[in-house]
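The values are calculated or read from the model by the stated rules, or taken from the named source; none is laboratory data. Nothing here was measured: the structure is a model prediction, and the numbers come from that model. Cβ atoms come from the backbone with ideal geometry, glycine included; neighbour counts cover every protein chain shown.
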Amino acid sequence: MLIHVHQLGDTLDVSINCGVANNFSVSQLFYIKLFHKLHSLSPSLLDESIRDDGVQNLANFLESRQSTVHGENVKLLKDDANLLNLSGWTPPLSKDPYTKATQGFHHPQLVRLMCPVSCLVKFDTEPNFHQSLIDGKFVPAHDDWPLFLFDEIAFDPDDLPKTFLRSLLLIQAWRIIFIGPTAANGLTNI
């Protein structure tokens, strides 16, 4: 398959196979180039795509493989918290899933990250407040978001939307799961 590209304003004129001309947008051209690259890696791809159920079978395969990769990345994240730069935490996070003494509300750094943002002042000033979270004496409301969803450095309780979903920890975890472990390497600022 030969592809010749000519820029025409915001569209691209693409000649494919024996000079048949078509106008494609930039995003459509991306998929054409992707298909061309895939075809060069797997020549049987074209044969599969012209079968009646070929495209659907290919899409199902790619989707299942994507889910498998995401699952593997989640397991990797659970098995190695060092990917999230948590190695300096005291006490260290236990890799043993049966050891609950240093997990969840029992870990000093994790309990603060899970503390509702409306209670941070209370958490920081009252030494026994986190015990009330553990004991269930304080139950957060459904709309009381935990700190780990916010950028802790730029956190402003008067302007929550500004830092919502901007936590470095949250973004690193997302990148590890959906892009891959190397995508979070060296990520220190968003």
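Assorted remarks:
- Any hit, the stretch 153-171, residues being surrounded by 14 or more Cβ atoms within 10 Å (Cβ to Cβ), in contact with a Pro (Cβ under 9 Å, 6 or more places away or on another chain), hydrophobic (A, V, I, L, M, F, W, C) and in a helix (DSSP H, G or I): no
- Scoring residue 50 on the criteria (1) modelled with pLDDT under 80; (2) surrounded by 11 or more Cβ atoms within 10 Å (Cβ to Cβ) leaves a single failure, condition (2).
- Residues (under 19 Å from residue 104 (Cβ atoms), assigned to a loop (DSSP other than H, G, I, E, B) and among the aliphatic types (A, V, I, L, M)) located in the stretch 123-152: 139
Yes/no per residue for (1) in contact with a strand residue (DSSP E or B) (Cβ under 9 Å, 6 or more places away or on another chain); (2) within 14 Å of residue 114 (Cα to Cα); (3) in contact (Cβ under 8 Å) with a residue 40 or more places away in the chain:
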{"position": "149", "(1), (2), (3)": "yes, yes, no"}
{"position": "157", "(1), (2), (3)": "no, no, yes"}
{"position": "163", "(1), (2), (3)": "yes, no, no"}
{"position": "179", "(1), (2), (3)": "no, no, no"}
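Residue-by-condition table, conditions (1) at pLDDT 85 or above; (2) within 30 Å of residue 68 (Cβ to Cβ); (3) not hydroxyl-bearing (Ser, Thr, Tyr):
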{"residue": "120", "(1), (2), (3)": "yes, no, yes"}
{"residue": "137", "(1), (2), (3)": "yes, no, yes"}
{"residue": "148", "(1), (2), (3)": "yes, yes, yes"}
{"residue": "164", "(1), (2), (3)": "yes, no, yes"}
{"residue": "167", "(1), (2), (3)": "yes, yes, no"}
{"residue": "176", "(1), (2), (3)": "no, yes, yes"}
